[in-house]
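The values are calculated or read from the model by the stated rules, or taken from the named source; none is laboratory data. None of the values given here were measured: they were computed from a predicted structure. Cβ: placed from backbone, ideal geometry, glycine included. Neighbour counts: every protein chain shown.
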């Protein structure tokens, strides 16, 4: 891939999230990264893998999930375009605590966690952008916890659709259901009830 094209792609995400990062820093990040196109349904990383690398999703969609004691997978979250994935290393984990799988054909920018940490330490604009991303991650975590504490399943689904308006069409229903903490059958009933109310 052309370096200028890749920097321009990062600029799209910079605008989307209202960040400002110096050109030289973006070029340094791109220079240290590997880019891969990963087919749909591929495991990017597994529980227990090391956390030396992290990814930015350039295009496509990645799902993060846990495996419970009965062998069921439970969706923790989704990483669409502009989202981070395989990012446990940025939060102090040495081993991955979950699985990362592509839901669509996905282009990822793969970086070494320590390379990015070094850029964060040395560049003010990148550090500011990183703080904003961490704040966004914390807001998302609080939203998730509040949803399970005070919202019923229908309210959680409506909130999901509001936060991720296009994902309900891109993600299989079974993954949305486990993300919401309900069965696929319950989600189907909620969707049908909402359709009736909208008519």
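Restricting to the range 160-189, name every residue that is at pLDDT below 90 and surrounded by 13 or more Cβ atoms within 10 Å (Cβ to Cβ). Matches in the range 160-189: 164, 168. Evaluate the range 132-150: report whether one residue or more is under 26 Å from residue 38 (Cα atoms), modelled with pLDDT of 90 or more and surrounded by fewer than 15 Cβ atoms within 10 Å (Cβ to Cβ). No, the range 132-150 contains no residue that is under 26 Å from residue 38 (Cα atoms), modelled with pLDDT of 90 or more and surrounded by fewer than 15 Cβ atoms within 10 Å (Cβ to Cβ). Is there a residue being outside any helix (DSSP H, G or I), at pLDDT below 95, closer than 21 Å to residue 117 by Cβ and under 16 Å from the mean Cα position of the chain (by Cα) anywhere in the range 21-28? Within the range 21-28 (the criterion being outside any helix (DSSP H, G or I), at pLDDT below 95, closer than 21 Å to residue 117 by Cβ and under 16 Å from the mean Cα position of the chain (by Cα)), the answer is no, since none of the residues qualifies. Scanning the range 159-182 turns up no residue that is more than 28 Å from residue 41 (Cβ to Cβ), touching a helix residue (DSSP H, G or I) at 6+ places or on another chain (Cβ under 9 Å), assigned to a helix (DSSP H, G or I) and free of Cβ contacts under 8 Å to residues at least 60 places away in the same chain. From the list 107, 102, 113, the lone residue that is in contact (Cβ under 8 Å) with a residue 24 or more places away in the chain and farther than 29 Å from residue 180 by Cβ is 113. Only one of the numbered conditions (1) modelled with pLDDT of 90 or more; (2) exposed (fewer than 14 other Cβ atoms within 10 Å of the Cβ); (3) more than 23 Å from residue 160 (Cα to Cα) is not met by residue 91, and that is (1). Report yes if some residue within the range 71-81 is in contact (Cβ under 8 Å) with a residue 60 or more places away in the chain and over 21 Å from residue 173 (Cα atoms); otherwise report no. So far as the range 71-81 goes, no, none of its residues is in contact (Cβ under 8 Å) with a residue 60 or more places away in the chain and over 21 Å from residue 173 (Cα atoms). Within the set 108, 176, the sole residue that is under 15 Å from the mean Cα position of the chain (by Cα) and over 30 Å from residue 25 (Cα atoms) turns out to be 176. Of all residues in the range 57-72, those that are touching a helix residue (DSSP H, G or I) at 6+ places or on another chain (Cβ under 7 Å) and either part of a loop (DSSP other than H, G, I, E, B) or surrounded by fewer than 20 Cβ atoms within 10 Å (Cβ to Cβ) (or both) total 1. Scanning the range 29-71 for residues that are on the phi > 0 side of the Ramachandran plot and over 17 Å from the mean Cα position of the chain (by Cα) turns up 48, 71.
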